[in-house]
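Notes to accompany the following structure.
The values are calculated or read from the model by the stated rules, or taken from the named source; none is laboratory data. Small disclaimer: the values here were computed from a predicted structure and weren't measured. Neighbour counts run over all protein chains shown; Cβ positions are idealised from the backbone, glycine included. To get the accessible areas, we keep the full protein, side chains included, count just its heavy atoms, and leave off ligands, DNA and RNA. Shrake-Rupley method; radii C 1.70, N 1.55, O 1.52, S 1.80 Å.
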Amino acid sequence: MYIGKDVPHDSALGHVTGRSLYVDDMPRLAHELIVDFLWSPHAHATILSLDVEPARAIEGVAGVYTYRDLRHNRLGPIDQDEPLLVEDTVMFRGQPIVVIAAESREAIRAAKAAIRIEYGVLRPILTIEDAIAANSYLGESRFIRRGDVDAAFASADHVIEGIFENGGQDHFYLESQAALATPGELGALTVLSSTQHPTEVQEVIAHLLGLDMSQVVVQTKRMGGGFGGKEAQATHPAVMVALVAQKLGRPARIVYDKDSDMHVTGKRHPFRNRYRAGFTRAGELVALRVELYSDGGAYADLSPAVMARAMTHAENAYFIPNVDIRGTVCRTNMPPNTAFRGFGGPQGVATIENVLEEIAQFLGKDAYDIRRANCYGDEPRNTTPYCQVVENNTLPRLFTELADRCDYRARMKAVRAFNAESKTQLKGLALTAVKFGISFNTKFLNQASALVNIYLDGSVQVSTGATEMGQGVNTKIRQLVADTLGVQLERVQVMVTSTEKSNNASATAASSAADLNGSAAVDACSRLRARLDEVLERHGGNPSWEELVMLAYHDRVSLGERGFYATPRIDWTWLSSANTGGYGHPFLYFTMGTACSEVLIDRFTGTMKVLRSDVLMDIGRPINPGVDRGQLVGGFIQGMGWVTTEELRYTESGELLSHSPTTYKIPNVHDVPEVFNVDWIEHENPVNVAGSKAVGEPPLLMAISVWCAAKHALSFVANGTPARLRLPATNEELLMRITEYTKRGAAVAG
Ligand code: MTE
Ligand code: HPA
Ligand code: MOS
């Protein structure tokens with residue numbers, strides 16, 4: 001049996017030897033062209049005139065294309081509101097205007113310089129506040145409501161309120177956006193794409209170029225990281241190379257350089273949220289009103305779904321009887337913001353964790369006790385604001401067990417003593433929780449298919465719609481196939497992901513790829529195994545796997561099967577009436593966890609170091625513990641980047657200043673907590689394949705404990721009022737808050 005074993009990642013050897021192939025590693029094809037695009041340097045402008053003729057005349061330039069060369073010019077994963085190429089108005093800085101195909105980089109550069117564009121620069125909307133002031137939104141506000149918040153506020157012992165801002169985040173995948181298109185016969189195209197969503201790439205290419213989907217094959221071998229950034233935005237470069245291949249009948253490749261990638265692609269949504277929380281003297285939440293505002297950028301992209309996830313995670317691990325959540329996506333002149341590991345969940349969870357930290361500081365109580373007291377429990381304290389019952393709830397256990405394991409009480413005492421003593425440094429400690437809903441929050445996306453072929457020699461190929469981006473989905477599928485068929489792992493190959501074999505697949509996203517595609521593969525393998533068992537019964541004896549396959553073949557028994565899986569039970573309704581809003585059972589189950597982090601801050605520079613983090617999760621029974629450990633560690637560190645150092649800075653005209661690793665600080669090896677314990681509890685998940693749970697996104701949210709620890713540290717200088725802190729808690733942000741509170745303290749004392 002291979003399930004539950006640390007089978008090495010299927011790319012492990014390839015990655016360390018450099019033999020894994022990415023789109024840009026594929027050998028250059030005969031007659032291949034380089035593709036690039038000219039993008040707007042302005043965030044908002046009308047195009048007064050556009051002259052591409054001088055570029056066409058340059059030697060080595062093979063093609064220059066504008067929107068007029070496309071059959072259709074609208075795309076988007078939810079609303080098709082985004083033009084691939086600008087028509088008359090530029091809506092964000094980085095928006096593509098002209099596609100260029102050439103024999104060399106020099107010719108591309110010369111062509112870009114030769115294109116003449118006159119812009120009529122317009123005033124851009126660059127922040128959530130500006131968008132609200134200008135009434136600029138993408139769609140209507142949505143609601144999730146329960147109980148009577150106003151009555152609960154009126155009768156609450158205490159009410160606190162404020163605004164909580166959290167910043168965006170660049171995906172910083174190591175492989176930039178990339179695609180390679182090859183023309184086939186009679187208009188057919190094959191496109192290799194670094195995408196989480198081959199089917200969407202196929203569909204959009206077909207639509208924009210006027211082809212049938214059946215004429216377009218999209219293949220994804222692997223990505224050098226996706227993190228959500230290639231769920232919707234890998235489509236644009238793929239359509240550009242497909243356009244060139246169609247027009248010129250030559251292979252065409254695009255690979256963004258890092259700086260351009262950071263300039264032109266959307267990121268994690270920044271949010272600016274108003275909150276008002278009512279609670280008892282003991283710190284029990286009785287009412288929560290949250291108005292979530294996200295910066296959706298210039299077009300819808302996945303913003304409505306990201307907002308829906310933020311809304312269904314705004315209560316996180318806590319039972320709150322009266323809730324009023326409103327979600328509004330702002331339309332700005334920023335690149336369309338998009339999926340990013342957690343998909344709005346982190347922004348919702350950080351908001352309520354901030355509230356709980358403030359309640360504790362307001363009451364002068366230990367935040368752990370406040371969180372533990374509000375945590376989801378038994379009936380009636382087990383129903384979410386959107387009516388889903390929290391089943392198999394391990395949160396109370398995770399709280400208690402982690403507090404024990406990491407010696408929370410003693411360390412909290414030590415932190416208090418340290419802060420009373422030290423004149424130069426501050427420590428903070430926080431133990432926070434996460435409950436993350438598993439399933440796409442769009443019902444129809446929760447389906448997958450798999451194709452399993454057994455060959456004459458007993459070797460097996462499996463193909464699914466899942467794409468490998470480092471998370472190990474291929475390895476897990478391989479283990480599931482080997483065990484279900486009863487064949488050696490070495491005999492199972494996971495094939496390149498191709499729309500030719502897995503039609504109409506959903507994106508590899510929502511942490512559900514192993515759940516959905518693994519279940520589909522198991523479905524196919526179970527049927528194959530049943531047929532082989534019949535053969536075995538007929539022939540008797542004790543044949544080897546290879547002999548059994550041969551017997552089946554000679555008996556003319558089919559050795560290929562297609563599996564399918566559709567997630568049971570899930571349902572969701574948005575009521576148009578603002579009284580109740582969204583409700584249902586959007587998630588098959590929840591992945592849960594607790595994390596405790598301790599930070600040390602220099603009072604004079606704001607420099608913060610994470611001294612220790614302990615993470616304890618309920619990830620079911622892992623299919624591959626080693627791979628899952630990698631997800632827990634990697635996700636946590638990526639989350640640490642979001643809550644501490646990764647700050648996106650723009651000029652007043654919307655130009656991204658932090659567009660390379662010199663100015664945009666992702667965590668490095670020195671930032672990893674000095675003590676870092678990562679573990680999970682034994683707890684089988686009864687509703688998912690092999691008792692496992694999805695693990696891709698949830699660990700990122702565990703890093704909110706680091707941010708809460710920073711906020712806790714600030715409470716020691718905030719003179720009895722809840723300390724305010726933006727997210728990310730950069731060194732500058734911490735220094736500003738410390739300075740502000742220290743001055744205020746001095747003024748009060750004076
Ligand atoms: N892990 C690695 N190494 N690279 C990635 O790009 N993406 C994350 C997560 N883990 C990612 C990753 C995101 S955003 C998601 S949704 C899941 O992997 C998707 O894969 P899964 O559904 O197989 O977990
Ligand atoms: N996660 C990722 N992608 C999605 C989702 C989700 O919940 N819903 C629709 N697309
Ligand atoms: Mo992940 S943000 O669902 O690609």
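Straight-line reach from Lys413: which lysines have Cα under 27 Å away, leaving out those fewer than 8 places along the same chain?
Straight-line reach from Lys413, under 27 Å: Lys365, Lys423, Lys427, Lys609, Lys711, Lys743.
With contacts defined as alpha carbon pairs under 8 Å and 6 or more residues apart, what's the relative contact order of region 570-671 in percent?
Computed over region 570-671, the figure is 16 percent.
Could you tell me what a quarter of the Cα convex hull surface of region 447-566 works out to, in nm² with one decimal place?
7.0 nm²
Could you tell me what % of all Cα pairs in region 1-106 have separations over 22 Å?
Roughly 55 percent, once rounded to a whole number.
Quick one: work out Rg over Rh on the C-alpha atoms of the chain, Rh as Kirkwood radius.
Numbers: Rg = 26.8 Å, Rh = 27.1 Å.
Rounded to two decimals, Rg over Rh is 0.99.
Would you calculate, for the chain, the mean residue ellipticity at 222 nm contributed by helices, counting each DSSP H stretch of 4 or more residues as -39,500 (n - 2.57) and dividing by all residues, to the nearest 500?
Roughly -9500 deg cm²/dmol at 222 nm, from the helical runs in the chain.
Round to a whole number: what % of the accessible area of the chain belongs to carbon and sulfur, probe 1.4 Å?
52 percent
Pulled fully out, how much extra length does the chain show between Lys743 and Lys365, if you take 0.36 nm times their separation in residues and subtract their Cα-Cα distance? Write down the numbers at each step before the final one.
Numbers: separation 378, 0.36 × 378 = 136.08 nm, distance 2.47 nm.
Additional length available on full extension: 133.6 nm.
Can you order the peptides 434-447, 321-334 by their average number of other Cβ atoms within 10 Å per residue, highest first?
Descending packing order for the listed peptides: 321-334, 434-447.
How large is the dipole of the chain about the Cα centre if only Lys and Arg carry +1 and Asp and Glu carry -1, each at its Cβ, rounded to the nearest 20 debye?
1080 debye
Net charge near Leu356: determine it from the other residues with C-beta under 12 Å of the C-beta of Leu356, scoring Lys and Arg +1 and Asp and Glu -1.
Summing Lys and Arg as +1 and Asp and Glu as -1 gives -3.
How far apart, in nm, are two points set 7 Å out from the Cα along the Cα-to-Cβ line at His15 and at Glu674?
The modelled label-to-label distance comes out at 2.9 nm.
Under a crude label model (7 Å from the Cα following the beta-carbon direction), how far is Thr280 from Thr400 in nanometres?
Placing both labels 7 Å along Cα→Cβ, they lie 2.0 nm apart.
Would you check the accessible area of Leu551, probe 1.4 Å, heavy atoms only, in square angstrom rounded to 10?
50 Å²
Is any residue of region 235-277 close enough, with backbone N under 11 Å, to a label point placed 7 angstrom from the Cα of Glu161 along the Cα-Cβ axis, and if so, which?
Hits in region 235-277 for Glu161 at 11 Å: 274-277.
What do you reckon, how do Val389, Val669, Val557, Val695 stack up by accessible area (1.4 Å probe), largest on top?
Ranked list, largest accessible area first: Val669, Val389, Val557, Val695.
Multiply the residue gap between Ser422 and Glu106 by 0.36 nm, knock off their C-alpha separation, and tell me the result in nm, one decimal place.
Taking Ser422 through Glu106 to full extension adds about 107.8 nm, to one decimal.
Give the accessible surface of the chain per residue, rounded to a whole number of Å², with probe radius 1.4 Å and ligands, DNA and RNA excluded.
Result: 38 Å² per residue.
Please state the relative contact order of the chain as a whole percent: Cα pairs under 8 Å, 6+ residues apart?
15 percent
Quick one: if the Förster radius is 25 Å, what FRET efficiency do Glu547 and Met1 give, using the C-beta to C-beta distance and rounding to 0.05?
It comes to 0.75.
Too long at a 23 Å Cα-Cα cut-off: which of Lys112/Lys665; Lys435/Lys693; Lys230/Lys476; Lys5/Lys693?
Lys112/Lys665
Express in nm, to one decimal, how much length is gained between Arg562 and Thr607 on full extension, taking 0.36 nm for each residue of separation and deducting their alpha carbon distance.
10.7 nm
Keeping every protein chain in place, order Glu547, Glu87 by accessible area at 1.4 Å, biggest value first, i.e. largest first.
If we order Glu547, Glu87 from most to least accessible, we get Glu547, Glu87.
What are the residues whose amide H is under 5 Å from the amide H of Phe676, where those residues sit 5 or more places off or on another chain and H is modelled from the backbone?
Here Ser613 satisfy the definition.
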